[in-house]
1. (1) farther than 14 Å from Phe51 by Cβ; (2) surrounded by fewer than 16 Cβ atoms within 10 Å (Cβ to Cβ): which one isn't true of Leu94, the others all being true?
2. Which residues, counting only those in segment 103-116, are touching a residue at least 24 places away in the same chain (Cβ under 8 Å) and over 16 Å from Ile55 (Cβ atoms)?
3. So, in segment 46-103, of the ones that are of a type in the set (D, E, K, R) and in a loop (DSSP other than H, G, I, E, B), which residue ends up nearest to Met35 (Cα to Cα)?
4. Do you know which of the residues in segment 19-37 that are within 26 Å of Leu74 (Cα to Cα) and among the hydroxyl-bearing types (Ser, Thr, Tyr) is surrounded by the most Cβ atoms within 10 Å (Cβ to Cβ)?
5. Does at least one position in segment 7-26 carry a residue that is in the same structural domain as Val102 (by TED's automatic domain parsing), over 15 Å from the mean Cα position of the chain (by Cα), among the small types (Gly, Ala, Ser) and modelled with pLDDT of 80 or more?
6. Under 7 Å by Cβ, and 6 or more places apart or on different chains, what pairs join a residue from segment 45-67 that is in the same structural domain as Ile107 (by TED's automatic domain parsing) with one that is of a type in the set (S, T, N, Q) and part of a helix (DSSP H, G or I)?
7. For segment 14-45, enumerate the residues that are part of a helix (DSSP H, G or I) and touching a strand residue (DSSP E or B) at 6+ places or on another chain (Cβ under 7 Å).
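The values are calculated or read from the model by the stated rules, or taken from the named source; none is laboratory data. Please read these numbers as outputs of a predicted model, since none were measured by experiment. Here the Cβ is made from the backbone with ideal geometry for all residues, glycine too, and neighbour counts use every protein chain on show.
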Amino acid sequence: MEGKTDKISQKYLTEETITEYAKRWGKLLNENTSMRIWHANDVKSVNIDYFDQRIISLVSRIPISVGELTADVLKAISAPVSDWYVMKRIEALLKKGVLQVVIPNKIFYNTIVQLNEE
């Protein structure tokens, strides 16, 4: 299709809109949290453990591999977070004693975990 070009639509921001975005950005900078999520059409600052309760809700007394739990969490939260982040949160929940290792594995992804029975 030689000679055909796509037209790129351009939207110019008004001074008012630029000011509003600058205020929102300043607010996010001042909050200085370690994580931000997209919620209700806005960027929201949250604590790093924001998804921990969701992770816990997906674990039961039935053992599950960290890899499978990670996949379940990523499907459930529908947020653009990495599997690395989810596995780090699982690791933190293990350290807190909320979860327990049932069958350890050299490859963390294959470690079997469940809710702590205590």
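1. (2)
2. Hits for segment 103-116 are Ile103, Asn110.
3. Asp49
4. Residue satisfying both the conditions and the ranking: Thr33.
5. So far as segment 7-26 goes, no, none of its residues is in the same structural domain as Val102 (by TED's automatic domain parsing), over 15 Å from the mean Cα position of the chain (by Cα), among the small types (Gly, Ala, Ser) and modelled with pLDDT of 80 or more.
6. Every condition considered, the pairs that remain are Ser65/Asn110; Gly67/Asn110.
7. Filtering segment 14-45 for residues part of a helix (DSSP H, G or I) gives 15-31.
Passing the criteria: Leu28, Glu31.
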